[in-house]
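The values are calculated or read from the model by the stated rules, or taken from the named source; none is laboratory data. Quantities reported herein were computed from a predicted structural model and do not represent experimental measurements. Here the Cβ positions follow ideal geometry from the backbone for every residue, glycine too, while neighbour counts run over all protein chains shown.
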């Protein structure tokens, strides 16, 4: 059994490329433009016209794709960069929770069919105490730990989709750590088995457990010349969002 690095510190200050039309108002002046990237704590905007001064309060209306109306966020200008289309970095102050929820809903909406389909998986569970049938023609190689971890980490969006689908309309955070054990397939990709354990009070949520198993089974795990081995992952089930200053 092989332990891997702890992936529970995911999604802290990560910034994503995200272009949305915006209209901003600062010190009585109105301008239009678009976001260029976004994090849970702020965004970078590209605007038409003169940029407001650093430290000014700014209200930004984001046109989120799929949202029925624009979402207004109060923020503070933290930096500016001159150009034909000036750029400015803003730090969110109020209203961004609704923006984040709309963006997540958009991602989940696009992935909802996948999340629903992922409620079940053809990949079985396995007995972690059972003897592994050895292929006598296999080598003694073991998969690269970092490659395995990266393959699992790329499934965080699918894992989050499972959590949001399980929460439904509730905004209550699901506390605790989940545990996933994977019986790797030496041929790579789809594992031979996946087990998932949930923290209380979600421990009896079979749909969520099956969704997490399916999300994990979809990882592109590396191939290697060796026997099947078990790798394990512990991660915060519902980490939420951490507000960080825009840079």
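Listing for the model above:
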quantity: Single residue of segment 14-30 satisfying the filter (over 15 Å from residue 70 (Cα atoms) and crowded, with 16+ Cβ neighbours inside 10 Å) that is modelled with the highest pLDDT; calculated: 26
quantity: Segment 54-85, residues that are at pLDDT 90 or above and not in a strand (DSSP E or B); calculated: 54, 55, 56
quantity: Odd one out for residue 246 among (1) over 29 Å from residue 100 (Cα atoms); (2) crowded, with 18+ Cβ neighbours inside 10 Å; (3) modelled with pLDDT under 90; calculated: (1)
quantity: Residue identified as modelled with pLDDT under 85 and either touching a strand residue (DSSP E or B) at 6+ places or on another chain (Cβ under 6 Å) or surrounded by fewer than 16 Cβ atoms within 10 Å (Cβ to Cβ) (or both) among 166, 145, 170; calculated: 170
